[in-house]
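Report on the following structure.
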Amino acid sequence: MDLFGKVVVGVVVVIVFAMIIFTAITHVSSAKKLTAQQAETFISNYLKQLSPGAEVDIINVTPSKLVNGSWDVFAGVIYNQTTPCPTVVIEDFDYPATNMLPRTDNVYASNCTIYGNTSIATVRLPAIAIATSYQESDAAKAYVESFGYNGTAVHARFFQNLTGSPYNPKNGTDIWIVNYTAARSNYSLYVTLNVSGNVLSNIRVQK
């Protein structure tokens with residue numbers, strides 16, 4: 001290759017490199033204009049499009065430790081959310097610093113089993129409360145075995161302060177109540193948990 005050709009190639013390489021740098025700087029700069037709410041909405045919509053029919057819960061949004069102006073978005077994607085054994089996938093995005101590539105992608109609950117670090121806890125997601133109640137409560141397992149997995153609907157509700165409830169023998173704070181109701185049963189089962197996932201009570205209530 002003659003000298004002119006080498007110069008042309010060199011100029012092209014410099015231009016391409018400069019374009020890459022400019023794009024990266026522009027991308028990061030645009031992140032400074034992004035609010036936490038916008039980052040949360042964008043990640044939530046992206047995950048819903050990626051997994052139609054799944055429930056998406058944003059667990060937490062904090063400023064990124066990687067890039068100023070980016071956001072660390074911690075999300076749970078939940079499948080079969082009203083069954084005794086929902087599947088919960090935990091994903092962590094640093095957006096827009098790493099675009100749509102999750103930094104972690106872990107199955108937290110599946111096949112009626114809780115996996116991984118329980119510090120994520122029952123605190124944030126109803127589906128994890130459901131999976132934990134089924135794993136930890138013999139009464140819940142017996143109910144589902146008696147009336148059928150597919151015929152049992154399960155819902156969880158969180159109470160910061162629970163007083164005078166027929167579903168919990170003692171007043172308390174930060175309590176989950178998980179309701180198991182089967183079409184073939186004449187009663188519902190209410191399992192109460194604390195935020196650490198410990199079962200507090202199993203109460204039968206006639207329909």
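The values are calculated or read from the model by the stated rules, or taken from the named source; none is laboratory data. Computed from a predicted structure; not experimentally measured. No Cβ is skipped: glycine too gets one built from the backbone with ideal geometry, and neighbour counts run over all protein chains shown. Please note that ligands, DNA and RNA were not included when accessible areas were found on the heavy atoms of the full protein model with its side chains. Shrake-Rupley method; radii C 1.70, N 1.55, O 1.52, S 1.80 Å.
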Review point. Restricting attention to the range 189-199, and to residues there that are farther than 22 Å from Ser146 by Cβ and not hydroxyl-bearing (Ser, Thr, Tyr), which single residue is surrounded by the most Cβ atoms within 10 Å (Cβ to Cβ)?
Key: Gly197
Exercise for review: Pick out the one residue from Val61, Val89, Val77, Val73 that is in contact with a Phe, Trp or Tyr (Cβ under 9 Å, 6 or more places away or on another chain), under 30 Å from Thr152 (Cβ atoms) and among the β-branched types (Val, Ile, Thr).
Suggested key: Val89
Practice item. Among the residues of the range 185-201, write down those that are at pLDDT below 95 and either assigned to a strand (DSSP E or B) or of a type in the set (Lys, Arg) (or both). Key: Thr192, Leu193, Asn194, Val199, Leu200, Ser201
Revision key, fill the gap. The correct count of residues that are on the phi > 0 side of the Ramachandran plot and surrounded by 12 or more Cβ atoms within 10 Å (Cβ to Cβ) in the range 145-165 is 1
Point to revise | Cβ pairs under 7 Å, 6+ apart, first in the range 176-192 and within 10 Å of Ser137 (Cβ to Cβ), second assigned to a loop (DSSP other than H, G, I, E, B) and open to solvent by less than 10 Å² (accessible area, probe 1.4 Å) | key: Val191/Ser137
Study note, to complete from the structure: Given the conditions (1) outside any strand (DSSP E or B); (2) within 22 Å of Glu145 (Cβ to Cβ); (3) open to solvent by less than 60 Å² (accessible area, probe 1.4 Å); (4) not aliphatic (A, V, I, L, M), every one holds for Asn168 apart from (2)
Review point. What do you reckon, is Gln160 among the polar types (S, T, N, Q), under 22 Å from the mean Cα position of the chain (by Cα) and over 22 Å from Thr87 (Cβ atoms)?
Key: yes
Check your understanding: Take the residues of the range 109-124 that are open to solvent by less than 40 Å² (accessible area, probe 1.4 Å) and at pLDDT below 85: which is farthest from Ser44 (Cα to Cα)?
Key -> Ile114
Study note, to complete from the structure: For Ala142, the lone unmet condition from (1) in a helix (DSSP H, G or I); (2) buried (at least 19 other Cβ atoms within 10 Å of the Cβ) is (2)
Practice item. For the range 65-76, indicate whether the set of residues that are hydroxyl-bearing (Ser, Thr, Tyr) and within 19 Å of Gln37 (Cα to Cα) is non-empty. Key: yes
Check your understanding: How many of the residues making up the range 142-175 are of a type in the set (Phe, Trp, Tyr) and without any contact (Cβ under 8 Å) to a residue 24 or more places away in the chain?
Key -> 1
